[in-house]
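The values are calculated or read from the model by the stated rules, or taken from the named source; none is laboratory data. Since this is a predicted model, take the numbers as computed values, not measurements. A quick note on method: Cβ atoms are made from the backbone with ideal geometry, for glycine too, and the neighbour counts reach across all protein chains shown.
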Amino acid sequence: MSRQWWKESVVYQIYPRSFNDSNGDGVGDLNGITEKLDYLKDLGVDVLWLSPVYDSPNDDNGYDIRDYQAIMDEFGTMEDWENLLSEVHGRGMRLIMDLVVNHSSDEHKWFAESRKSKDNPYRDYYIWRPGKEDGSEPNNWESAFSGSAWQYDEQTGEYFLHLFSKKQPDLNWENPKVREEVYGMMRWWLDKGIDGFRMDVVNFISKVEGLPDAEPQEGKKYAPGGEYFANGPRIHEFLHEMNQEAMKNYDAMTVAEMPGVTPDLAQKYTDEAREEVDMVFQFEHVDLDSGPGGKWDLRPLRLRDLKENLSKWQKALEHKGWNSLYMNNHDQPRMVSRFGNDGEYRVKSAKMLATMLHMMKGTPYIYQGEEIGMTNVKFESINEYEDIETLNMYREKRAEGVPHEEIMKSIYVKGRDNARTPVQWNTEKNAGFTTGEPWLKLNPNYTEINAEQAVADPDSVYHYYRRLIELRHNNEVIVYGGYDLLQPEDETFFAFERPYQGEKLLVICNFTGEQAEFVLPEEYSGKEGGLLISNTESEEVVTFDTKLSFTPYEARVYRVMV
């Protein structure tokens, strides 16, 4: 397995709207990011990933792109962006951009042309179909944001496909001209000096020929059609072509967001010999607390399931391919609220979760605010939410007669706005995020949880993240070592080993709010372990006996000579 800079890096995701507002209009912007680069450099991260900053009407917070080669007015100018890139590189960090090419905005010039007439040269840039004989949609696919995935357009009397919002028509990747346009745009950004792309739902770009109906769901008009567009028939061909046409001549990284990807498929996507992508984002572990009704159908997470799932991915990509490591992002709730304890043990459980993740094999991704232990939010009124997915779901459930209180329970746990409340910088008004009216309400706990307080406190979550990042930079075993799960059935501890060249790390994390004893494997008896990091006061060197005693949410990492 080759060595690569992106394998040895830690990535920090910035959701620009909510990061830092430099001009008081209530919306985070590019100059606001530039203002905070020293904070990110001090944290120790290597790569910054910007969620979309392109020109957009903002139907889905920038994931609906009107012009791939222009900057959204709210975020600043191309000059501001170029200054940001220069400042990032000047601090020895890298910058990757979001690539959203499964769909564009319906306000993109290609789509404006495409909908004019059936014989317009741009018609075939998108997926148009006549309705069924009765005039209904071409198939029964459901949009990811509720309702039909088809929108009727009166001008030409046909439907266009949109797997997401109706303002996000799907591009037709079967058309070689579309692919050429996309690769040209990617090279344009790479020539500007960016260091790679995070690719939004890129495994949806190849659809099954004929676009057949999905398996009907009882009592529902529409059904998820993922088997006909996720990991479709030409996906490997398209990604290899993208690699050859756009990426091959640049020292840049790619991470592909791929809902529905399996370890076997991920092995193919990330196998260096196949020249497709460097890493994938998979979603299995963040679906473990969803019931049969999907994301909003809440069920408790079992630690055994989490261990089994993450370990499956660790083993599958241990020798071929590469893992991305994350527990939250702009689409997922805050990890300390979801997997830890955001009350009494917020700081300790945030550190424990970070230990578990950063000690695995793969490239860790930190989502803004995670490094200070930001939590989920509970707004009382649905009118205080901004996320299109949340609002569409709420309307649909209310129409079905589901009580407001019951729907809000799901939103408090799983809503995307949990991750999108502005970053909490200090105790000033609006947490120092803006001097204006913030685009989304802040989490009221910013007076206790904020970056200024975290940087000042040597025992904070922030300083623990700094140590974890530093350890990864200085210990090859963390980057390139193997992975072996211990005690897979245990519902209290997540423990694993990382063997590498005559040493190994022993990682033990107590996932509960109870005091507990961890029973060591027999081969540890009498051996010495040097403490690498822990979220509590622990002995620097320990001679292992049969058991180790752990306090609630305690995590320890030992270096053991084999």
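For the structure I just gave you, tell me whether Gly28 is out of contact with any helix residue (DSSP H, G or I) (no Cβ under 9 Å at 6 or more places or on another chain) and in a loop (DSSP other than H, G, I, E, B). Let's see the steps before the verdict.
Working: out of contact with any helix residue (DSSP H, G or I) (no Cβ under 9 Å at 6 or more places or on another chain): no; in a loop (DSSP other than H, G, I, E, B): yes.
Taking the combined requirement at face value, the residue does not satisfy it.
Which one is farthest from Met279 (Cα to Cα), of the residues in segment 301-335 that are part of a helix (DSSP H, G or I) and among the charged types (D, E, K, R)? So that I can check it myself, show each step before the final result.
The first filter runs over segment 301-335 and keeps only residues part of a helix (DSSP H, G or I), leaving 303-316, 335.
This time we only want the ones that are among the charged types (D, E, K, R), so: 304-305, 307-308, 312, 315.
On the way: Arg304: 25, Asp305: 23, Lys307: 20, Glu308: 20, Lys312: 16, Lys315: 15 Å.
Selected residue: Arg304.
Could you tell me which numbered condition Gln217 fails, if it satisfies all but one of (1) polar (S, T, N, Q); (2) surrounded by 16 or more Cβ atoms within 10 Å (Cβ to Cβ); (3) farther than 13 Å from Trp128 by Cα?
Among (1) polar (S, T, N, Q); (2) surrounded by 16 or more Cβ atoms within 10 Å (Cβ to Cβ); (3) farther than 13 Å from Trp128 by Cα, Gln217 violates only (2).
Run down Val45, Val100 and say which single residue is of a type in the set (Val, Ile, Thr) and either modelled with pLDDT under 95 or under 28 Å from Val461 (Cβ atoms) (or both). Spell out how you get there, then give the answer.
Details: Val100 fails: either modelled with pLDDT under 95 or under 28 Å from Val461 (Cβ atoms) (or both).
That would be Val45, the only listed residue that is of a type in the set (Val, Ile, Thr) and either modelled with pLDDT under 95 or under 28 Å from Val461 (Cβ atoms) (or both).
Restricting attention to segment 1-24, and to residues there that are part of a loop (DSSP other than H, G, I, E, B) and among the hydrophobic types (A, V, I, L, M, F, W, C), which single residue is nearest to the chain's Cα centre (by Cα)?
Val10
Between Thr427, Thr421, which is crowded, with 20+ Cβ neighbours inside 10 Å, within 19 Å of Gly24 (Cα to Cα) and in contact with a helix residue (DSSP H, G or I) (Cβ under 9 Å, 6 or more places away or on another chain)? Before you say what the answer is, go through the steps one by one.
On the way: Thr427 fails: crowded, with 20+ Cβ neighbours inside 10 Å.
Within the list Thr427, Thr421, the selection yields Thr421.
Taking segment 52-74 as the region of interest, how many residues are surrounded by fewer than 24 Cβ atoms within 10 Å (Cβ to Cβ), part of a loop (DSSP other than H, G, I, E, B) and polar (S, T, N, Q)?
Of the residues in segment 52-74, 2 are surrounded by fewer than 24 Cβ atoms within 10 Å (Cβ to Cβ), part of a loop (DSSP other than H, G, I, E, B) and polar (S, T, N, Q).
Using beta carbons and a limit of 7 Å, which pairs, at least six apart or on different chains, have the first residue in segment 3-22 and touching a residue at least 24 places away in the same chain (Cβ under 8 Å) and the second one assigned to a loop (DSSP other than H, G, I, E, B) and among the acidic types (Asp, Glu)?
Pairs that qualify, where the first residue is touching a residue at least 24 places away in the same chain (Cβ under 8 Å) and the partner is assigned to a loop (DSSP other than H, G, I, E, B) and among the acidic types (Asp, Glu), are Trp6/Asp278; Ser9/Asp46; Val10/Asp46; Pro16/Asp29; Asp21/Asp29.
Condition (residue is loosely packed, with under 14 Cβ neighbours inside 10 Å, touching a residue at least 60 places away in the same chain (Cβ under 8 Å) and not in a strand (DSSP E or B)) applied to segment 497-504: is it met by at least one residue?
Going through segment 497-504, the residues loosely packed, with under 14 Cβ neighbours inside 10 Å turn out to be 501-502.
From what's left, touching a residue at least 60 places away in the same chain (Cβ under 8 Å): 502.
The next check asks that each one be not in a strand (DSSP E or B); those that pass are 502.
Yes; the residues of segment 497-504 include at least one that is loosely packed, with under 14 Cβ neighbours inside 10 Å, touching a residue at least 60 places away in the same chain (Cβ under 8 Å) and not in a strand (DSSP E or B).
Would you mind listing the strands (runs of 3 or more DSSP E) fully within segment 75-177 where at least 3 residues are more than 23 Å from the chain's Cα centre (by Cα)?
On the way: elements: 94-99, 150-153, 158-161.
Of the strands (runs of 3 or more DSSP E) lying wholly inside segment 75-177, those with at least 3 residues that are more than 23 Å from the chain's Cα centre (by Cα) span 150-153, 158-161.
So the check is Cβ under 8 Å with 6+ separation or different chains; which pairs have a first residue in segment 283-300 that's in the same structural domain as Met258 (by TED's automatic domain parsing) and of a type in the set (Lys, Arg) and a second one that's part of a loop (DSSP other than H, G, I, E, B) and surrounded by 11 or more Cβ atoms within 10 Å (Cβ to Cβ)?
Lys295/Asp287; Arg299/Asp289
Just for segment 94-107: of the residues that are over 18 Å from Val202 (Cβ atoms) and out of contact with any Leu (no Cβ under 6 Å at 6 or more places or on another chain), which one is surrounded by the fewest Cβ atoms within 10 Å (Cβ to Cβ)?
The initial filter retains those residues of segment 94-107 that are over 18 Å from Val202 (Cβ atoms), namely 94-95, 106-107.
Of the ones still in play, those that are also out of contact with any Leu (no Cβ under 6 Å at 6 or more places or on another chain) are 94, 106-107.
Numbers: Arg94: 23, Asp106: 23, Glu107: 16.
If we take residues in segment 94-107 being over 18 Å from Val202 (Cβ atoms) and out of contact with any Leu (no Cβ under 6 Å at 6 or more places or on another chain), then Glu107 is surrounded by the fewest Cβ atoms within 10 Å (Cβ to Cβ).
Can you tell which of Val11, Val88, Val53, Val45 is of a type outside the set (Gly, Ala, Ser), touching a strand residue (DSSP E or B) at 6+ places or on another chain (Cβ under 8 Å) and over 17 Å from Met253 (Cα atoms)? If you could, list the steps in order and put the result at the bottom.
Working: Val11 fails: over 17 Å from Met253 (Cα atoms); Val88 fails: over 17 Å from Met253 (Cα atoms); Val45 fails: over 17 Å from Met253 (Cα atoms).
Testing whether each residue is of a type outside the set (Gly, Ala, Ser), touching a strand residue (DSSP E or B) at 6+ places or on another chain (Cβ under 8 Å) and over 17 Å from Met253 (Cα atoms) leaves just Val53.
So that you can scan it fast, the table gives a plain yes or no per residue for (1) assigned to a helix (DSSP H, G or I); (2) among the basic types (Lys, Arg); (3) under 17 Å from the mean Cα position of the chain (by Cα):
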position	(1), (2), (3)
Glu371	yes, no, yes
Lys378	no, yes, no
Asn383	yes, no, no
Arg395	yes, yes, no
Gly401	no, no, no
Met408	yes, no, no
